[in-house]
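The values are calculated or read from the model by the stated rules, or taken from the named source; none is laboratory data. Just so you know, these numbers come straight off a predicted model, no measurement behind them. Because the Cβ atoms are built from the backbone with ideal geometry, glycine has one as well, and the counts that use them run over all protein chains shown.
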Amino acid sequence: MIRKALKMKVYSQYHGEYKRRHDEIWESLKNVLKSHGAHNYSIFLDGETDSLFAYVELESEELWNKVAETEECKKWWDFMKDIMETNNDNSPKSVELKEVFYLK
């Protein structure tokens, strides 16, 4: 299993809205993530810095990268673009974090 961590930003006035939207995440998007090999996907918020920390375990980087090509993912990005930092294609601006420690 591949462990991946990412950092993103949510606008400070939308912390609650970000959580609410994820509490109600679409079943169809869950299915896309799972069918593309994502497991144990968690997102954490640092309310002091508006930083989001995402952690996901993947079966394959190749499968994971294909999620971005799906209509469900693109619709989700459109749905979320008003409450977080995004790129021109509405994907979340994100920075992949380098693993420096792992306790098995």
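Per-residue answers, yes or no, for (1) of a type in the set (S, T, N, Q); (2) touching a helix residue (DSSP H, G or I) at 6+ places or on another chain (Cβ under 7 Å); (3) farther than 22 Å from Glu99 by Cα:
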{"site": "Glu24", "(1), (2), (3)": "no, no, yes"}
{"site": "Ser28", "(1), (2), (3)": "yes, yes, yes"}
{"site": "Ala38", "(1), (2), (3)": "no, yes, no"}
{"site": "Tyr55", "(1), (2), (3)": "no, no, no"}
{"site": "Glu69", "(1), (2), (3)": "no, no, yes"}
Residue match in segment 27-43 (condition: under 15 Å from Pro92 (Cβ atoms), of a type in the set (A, V, I, L, M) and either exposed (fewer than 13 other Cβ atoms within 10 Å of the Cβ) or over 12 Å from the mean Cα position of the chain (by Cα) (or both)): no
Close pairs from segment 20-47: first farther than 18 Å from Asp78 by Cβ, partner outside any helix (DSSP H, G or I) and acidic (Asp, Glu), Cβ under 7 Å, at least 6 apart: Gly37/Glu59; His39/Glu57; Asn40/Glu57
Cβ pairs under 8 Å, 6+ apart, first in segment 50-61 and under 29 Å from Ser12 (Cβ atoms), second hydroxyl-bearing (Ser, Thr, Tyr) and part of a loop (DSSP other than H, G, I, E, B): Asp50/Tyr11; Ala54/Ser94
Residue in segment 58-76 that is at pLDDT 95 or above and at positive phi present: no
In segment 64-104, the residues that are aliphatic (A, V, I, L, M) and exposed (fewer than 14 other Cβ atoms within 10 Å of the Cβ): Ala68, Val95, Leu97, Val100, Leu103
Subset of segment 8-19 [in contact with an Asp or Glu (Cβ under 6 Å, 6 or more places away or on another chain) and without any contact (Cβ under 8 Å) to a residue 60 or more places away in the chain]: Ser12
Residues satisfying the stated conditions in segment 75-92, i.e. farther than 21 Å from Gly47 by Cα and in contact with a strand residue (DSSP E or B) (Cβ under 8 Å, 6 or more places away or on another chain): Trp77
